[in-house]
Amino acid sequence: MKVSFIFLLQGFVIFLFATLMAFQAQALCVKTKRANLRVSPSTKAAKTWNVVRYMPLRRIGGTKSWTQVSDVDGDKHWIYDPLITRSYKCAVVKVKKANLRTAPGGKIHPKYSSAEKYVTFKFLRQRGKWAQVQDEDGAKYWIARSLIWVQ
C-alpha cells in the first residue's frame with residue numbers, strides 16, 4: 001500500500017512538471033500582417049525585430065498581456081498577445097536559401113523557385129522528410145523539413 005502511494009505521488013509530480021513545461025514552451029505564430037518584437041513588455045520599449053505573418057515563435061514566459069518568446073535564432077523578445085495565435089503551426093526558412101517544390105522531392109515550383117532565410121509560411125503537414133507549407137497568398141509548396149524551423 002505504501003509503495004503504490006509513492007508511485008502514485010511520483011507519477012503526479014512528473015505529470016505536473018510536464019504540464020508546467022508544456023505551458024512554458026508553447027508554439028506560437030504571428031497572425032497579423034506585421035508585428036514588432038521588443039526588448040521588454042511595453043509599446044515604449046525598443047523594437048528588436050519587425051516580423052511578418054506566420055513567423056513562428058516559442059513561448060518562454062510572459063505577463064498578463066505580453067508574451068516572452070524566442071525566435072529561430074534563439075534570440076529573446078517580447079510580443080503583445082493580440083498579435084499571436086496558437087491555433088495553427090508556422091514555419092520559417094532557417095538556411096540561406098531553400099528550394100520550393102511542387103511535391104515532396106519533386107520539381108522546383110513554377111511560381112517561386114526558392115525562399116531565402118526568414119521567409120515565413122503556414123505549416124500544413126509533414127510527409128517523411130518533407131513539409132507542405134502555404135504562403136500568405138494561399139500558394140502551397142513542399143520544402144525539405146530540415147531547412148525550416150516549425151513551431
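Where a number appears in this text, it was derived from the coordinates with a stated rule and is not lab data. Worth saying up front: this structure is predicted, and the values here are computed from it rather than measured. Methodologically, a virtual Cβ is constructed for each residue, glycine included, from the backbone with ideal geometry; neighbour enumeration extends over all protein chains shown.
Taking one quarter of the surface of the C-alpha convex hull of the stretch 36-93 gives a mean projected area of 3.8 nm². Pairwise Cα distances in the stretch 26-143 exceed 18 Å in 50 percent of cases. Each residue, LYS140 and THR63, gets one label point 7 Å from its Cα in the Cβ direction; the gap between the two is 4.2 nm. One chain, two ends: ALA45 and LYS111. Fully extended at 0.36 nm per residue, the span grows by 19.8 nm beyond their Cα-Cα distance. Give the shape of the stretch 89-134 as rounded, prolate or oblate, defined through the alpha-carbon gyration tensor: a ≥ b ≥ c are the square roots of its eigenvalues, a/c under 1.5 means rounded, and otherwise the shape is prolate if a/b is larger than b/c and oblate if not. It is oblate, given that a/c is not under 1.5 and a/b is not larger than b/c.
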